[in-house]
């Protein structure tokens, strides 16, 4: 068994691919891990080839229970909060506020491809960007901001009058 394999990396795309050969999964924003299962034991390696077996004892224990003598499993180590959202802070010991980044994306994997290292397009990452249309109805001037606009406010559909205010610092 190789000491390390180059991971398959996802190519960023604006939209999900079409076709029955594509499988989709959520990108949880955890740590990418390679679990090496060998007769001599389990090793969990980071994407940078650091041995993190001691950091993920639950994953190591689960790998020991698999009916495999030799395998390399590519996956993502994730901790979830009570709402089912990933909390990378519990993995990296950063603040919980920094962990709740709100970034969500999906990974599309071509079922007809073979696993190969690098960014060849067999795996694709599609970021889920939330956007909406609204009308800008006012702004505050700023002497330090680019374009002299310090804040903007607007209206979007919704609310009791048919429109609702959006933006910040509006009285």
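Output the residue which, of all residues in the range 53-95 that are at pLDDT below 90 and over 16 Å from the mean Cα position of the chain (by Cα), is nearest to residue 43 (Cα to Cα).
93
Quick one: which of 25, 38 is in the same structural domain as residue 86 (by TED's automatic domain parsing) and within 19 Å of residue 120 (Cα to Cα)?
Just one listed residue meets the conditions, 25.
Residue-by-condition table, conditions (1) modelled with pLDDT of 95 or more; (2) part of a strand (DSSP E or B); (3) more than 23 Å from residue 48 (Cβ to Cβ):
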{"position": "97", "(1), (2), (3)": "no, no, yes"}
{"position": "103", "(1), (2), (3)": "no, no, no"}
{"position": "106", "(1), (2), (3)": "no, yes, yes"}
{"position": "116", "(1), (2), (3)": "no, no, no"}
{"position": "132", "(1), (2), (3)": "no, no, yes"}
{"position": "140", "(1), (2), (3)": "no, yes, yes"}
{"position": "144", "(1), (2), (3)": "no, no, yes"}
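Could you check how many residues of the range 45-58 are surrounded by fewer than 17 Cβ atoms within 10 Å (Cβ to Cβ) and part of a loop (DSSP other than H, G, I, E, B)?
Here the count works out to 4.
Of the residues that make up the range 31-44, is at least one surrounded by 13 or more Cβ atoms within 10 Å (Cβ to Cβ), free of Cβ contacts under 8 Å to residues at least 12 places away in the same chain and outside any loop (DSSP other than H, G, I, E, B)?
Checked against the condition, which is being surrounded by 13 or more Cβ atoms within 10 Å (Cβ to Cβ), free of Cβ contacts under 8 Å to residues at least 12 places away in the same chain and outside any loop (DSSP other than H, G, I, E, B), the range 31-44 yields at least one hit.
The values are calculated or read from the model by the stated rules, or taken from the named source; none is laboratory data. No experiment lies behind these values; they were computed from the predicted model shown. When we count neighbours, we look across all protein chains shown, and the Cβ atoms used for this are built from the backbone with ideal geometry, even at glycine.
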